[in-house]
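Following: one structure in structure tokens, then a few remarks.
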Amino acid sequence: DYNDLDEHSRARLWLIVGTSYAAEDKHSPAAQTLQLLNTLVDSGSKEVRGICIEGGYKRLGSLFKLNDPSTPDAADEFVRVWENRDGDNAYIDKAWVVKGSYYFNRSVWDAASRAYKPVRTDKLDKDKAATLLYQKGCAEASASDKDAVTTLSNFIEQNPQDERVTMAQLQ
């Protein structure tokens, strides 16, 4: 019975259990468990809110792995909830990447291109930023968005040894 636990202990418990489920490739119970953290989003504790934003992002990862059709809407909701609370947090950018990747994997180019636009690449690890630029540029090109030239040029300049450079040049 976790109701007797204080907010911090409860948040840590749900994060640990949800992360453990995901590590075991049990993404449905992971997403359900991590969803519980939404009840603590408005906690007075900065530490608890930090756990909640991390868990919320991990929930998006589980929904993505499940190919859950609610993934894009869940990403939008995640950003809506956290943008005003902690707008500088990299998890917000990563949520946009999850949404963009969801559409990219389904060849829904216009939606992928729009989802990738707000991502701040400096908030991502170098390898994730490279993948973002490549996928964003390909989605833009496929959606006939003229920004594709700039995005793919940035990808090529920043990642000259990447195996995807030839495909980026072709795009």
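Could you report the accessible area of GLU77 in Å², rounded to 10, computed with a 1.4 Å probe on the protein chains as they sit in the structure?
80
Got a sec? Charge dipole of the chain, +1 on Cβ for Lys and Arg, -1 for Asp and Glu; which of ALA75, PRO29, CYS52 is way out at the positive end?
In the chain, that residue is ALA75.
Counting heavy atoms of the protein chains only and a 1.4 Å probe, report the per residue accessible area for the range 1-153 as a whole number of Å².
Per residue, the range 1-153 has 52 Å² of solvent-accessible surface.
Using a basic spin-label model with each label point 7 Å from the Cα along Cα→Cβ, how many nm lie between ASN105 and VAL149?
Going by the 7 Å Cα→Cβ label model, 3.3 nm.
Work the Kirkwood hydrodynamic radius out for the range 102-171: mean of 1/r over every pair of different alpha-carbon atoms, inverted, in Å.
11.8
At a probe size of 1.4 Å, how large is the accessible area of TYR103, to the nearest 10 Å²?
Number for this one is 50 Å².
Build a GNM of the chain with springs between Cα atoms under 10 Å: which of TYR21, TYR91, TYR102 gets the top mean-square fluctuation?
Ranking TYR21, TYR91, TYR102 by mean-square fluctuation puts TYR21 first.
Could you check how much of the accessible area of the chain is carbon and sulfur, as a whole percent, using a 1.4 Å probe?
Exposed carbon and sulfur together represent 47 percent of the surface.
Give the calculated FRET efficiency between ASP76 and ASP122 to the nearest 0.05, with a Förster radius of 22 Å applied to their Cβ-Cβ distance. Mind dumping the intermediate values first?
Working: r = 22 Å, r/R0 = 1.02.
For R0 = 22 Å, the calculated efficiency reads 0.45.
Around GLY44, what is the net charge, scoring Lys/Arg as +1 and Asp/Glu as -1 over all other residues with Cβ under 13 Å from its Cβ?
In short, -1.
For the chain, what are the DSSP H helices with axial Cα length of 27 Å or more and mean Kyte-Doolittle hydropathy of at least -0.5?
46-65
What is the percent of Cα-Cα separations in the chain that go past 21 Å?
51
The values are calculated or read from the model by the stated rules, or taken from the named source; none is laboratory data. All values reported here derive from a predicted model rather than from experimental measurement. Note: ideal-geometry Cβ built from the backbone for every residue, glycine included; neighbour counts use all protein chains shown. With ligands, DNA and RNA removed, areas are computed over all heavy atoms of the protein, side chains included. Shrake-Rupley method; radii C 1.70, N 1.55, O 1.52, S 1.80 Å.
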